[in-house]
Amino acid sequence: MPPTQGLPIREYILVALTAAAVTFLLTGVVRRVAIRIGAIANPRARDVHVTPIPRMGGIGIFLGVAAAMGLAHQLPALSRGFDFSFDSLGVLLAAGVISLIGALDDRFELDAWTKLAGQVMCAGILVIFGVQWVSFWVPWGGGDGSFGQVLVLDKNQGALLTVVLVVVMVNAMNFVDGLDGLAGGLGFIAAAATCSFSLGLLDSSGGDVGAYPPALIAATLAGACLGFLPYNFQPAKIFMGDSGSMMIGLMLAGATTSASGRVPYPQFSGKDALALLSPLVVVAAVLFVPLLDLIMAVIRRTRRGESPFAADKMHLHHRLLEIGHSQRRAVLLIYLWAGLLAFGAVSVTLFDDAAVFWIVGFGFLLATLVSVIPRLRSRNRTA
């Protein structure tokens, strides 16, 4: 595929800002519609909010993404990316479908199995449009003294891995949507990190327009999440609901899956193991905080003999509140941890390893100290 002159950084920034502006302008309209049709989140025992708040804000996020994608299609520097790949179109269509499913849940509260079927269907849309894992490097095997090998997946294996990743990411983002601004902020951080990683791939490919989609998908999502936060940060005026959290998870899965097929494996040797593993590292880092919360919730509920989808008040953000953090501080702390993991993983693939490890290590130390300060203060008071 033909290269372009330089990276279209300004165009990606413009697209992200457009997504932010459209989302910000339309979320107020979506809020009024949600109130009118009765898509309201009434306080429950496990909830943190104490007053009814409209949800379905994910529709505003999707409209921002769609507007930004439309702009990208009209920009000369980015439009050629649509000619060589259907990834962006496939992710946009799947995001629209899952947002609609989420909006129905925000209004009528669908059962868990219906939502799961919808998630699998939307993952199938990605696969139909060619958004699926095709290969990744593993640090074992190899021959003739080489270290590691590239595993090439057939269509069935790639499709299965893609469906699993989509379902896991969708539900992980859905599980962490429990505090004002939490899912939106994590979506912005994860999308921004994925966009940075994708721009690195674009640079290493010499500006190949076929490598444009993952950065575009991530940039539009990052901008839309940023535009939604003024409405959603504590105290929230509207919740994104399942229409937003499921769409964020799907688009993150779509961006990382699209990026996985653009890693130039021949440019690396065995000593570049972390760079070769970069797609999996970025996925793991982006997923770590929400996935850890998801795994802990499933284990906790099944041990009590409950359904894994049963709700409770023992999520990570609930535990931070119990320690003594305020809602805003708990959200900002989770932002900090997620940012360190996501951008740390991306930085290792782009910059000097030693410098990144020192900086990220200091960040983890600082985050740990800030996280436990309320607990230490409470012990001192009781001593």
Criterion violated by Ala218 - all others in (1) over 11 Å from the mean Cα position of the chain (by Cα); (2) open to solvent by less than 10 Å² (accessible area, probe 1.4 Å); (3) closer than 19 Å to Val91 by Cα satisfied = (1)
Met56 vs (1) open to solvent by less than 60 Å² (accessible area, probe 1.4 Å); (2) on the phi < 0 side of the Ramachandran plot: all pass except (2)
Leading residue by the ranking (modelled with the lowest pLDDT) among those in the stretch 28-86 that are touching a helix residue (DSSP H, G or I) at 6+ places or on another chain (Cβ under 8 Å), under 12 Å from Phe239 (Cα atoms) and hydrophobic (A, V, I, L, M, F, W, C) | Ala41
Tell me which residues, restricted to the stretch 101-137, are over 19 Å from Val163 (Cβ atoms), open to solvent by 40 Å² or more (accessible area, probe 1.4 Å) and either in contact with a helix residue (DSSP H, G or I) (Cβ under 8 Å, 6 or more places away or on another chain) or assigned to a helix (DSSP H, G or I) (or both).
-> Leu104, Arg107, Phe108, Leu110
Can you tell me which residue among Ser196, Ser204 is open to solvent by 10 Å² or more (accessible area, probe 1.4 Å), out of contact with any helix residue (DSSP H, G or I) (no Cβ under 6 Å at 6 or more places or on another chain) and not aliphatic (A, V, I, L, M)?
-> Ser204
Look at Pro266 and say whether it is assigned to a helix (DSSP H, G or I), modelled with pLDDT under 80, over 11 Å from the mean Cα position of the chain (by Cα) and not polar (S, T, N, Q).
-> yes
Selection from the stretch 100-116 of residues over 16 Å from Ala172 (Cα atoms) and small (Gly, Ala, Ser) yields Ala103
Unmet criterion (only one of (1) out of contact with any Cys (no Cβ under 7 Å at 6 or more places or on another chain); (2) surrounded by fewer than 24 Cβ atoms within 10 Å (Cβ to Cβ); (3) not aromatic (Phe, Trp, Tyr)) for Val65 | (2)
Looking at Val91, is it under 18 Å from Thr162 (Cβ atoms) and either in contact with a Cys (Cβ under 6 Å, 6 or more places away or on another chain) or loosely packed, with under 15 Cβ neighbours inside 10 Å (or both)?
-> no
Within the stretch 195-214, is even one residue among the acidic types (Asp, Glu) and in a helix (DSSP H, G or I)?
-> yes
Criterion: surrounded by fewer than 18 Cβ atoms within 10 Å (Cβ to Cβ) and at pLDDT 80 or above - qualifying residue of Phe343, Phe362 = Phe362
Determine, yes or no, whether Arg377 is open to solvent by 60 Å² or more (accessible area, probe 1.4 Å), more than 30 Å from Ser198 (Cα to Cα) and modelled with pLDDT of 75 or more.
-> no
Complete set of residues in the stretch 199-239 that are of a type in the set (S, T, N, Q) and at pLDDT 85 or above = Thr220, Asn232
Some residue of the stretch 235-245 being touching a Pro at 6+ places or on another chain (Cβ under 8 Å), open to solvent by less than 10 Å² (accessible area, probe 1.4 Å), touching a residue at least 12 places away in the same chain (Cβ under 8 Å) and on the phi < 0 side of the Ramachandran plot = yes
Within the stretch 154-173, work out how many residues are acidic (Asp, Glu) and within 11 Å of Cys122 (Cβ to Cβ).
-> 0
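The values are calculated or read from the model by the stated rules, or taken from the named source; none is laboratory data. Since the model is a prediction, treat every value here as computed from it, not as a measurement. For neighbour counting, all protein chains shown are included, and Cβ atoms are generated from backbone atoms with ideal geometry for every residue, glycine included. What goes into the accessible areas is simple: the full protein's heavy atoms, side chains included, and nothing from ligands, DNA or RNA. Shrake-Rupley method; radii C 1.70, N 1.55, O 1.52, S 1.80 Å.
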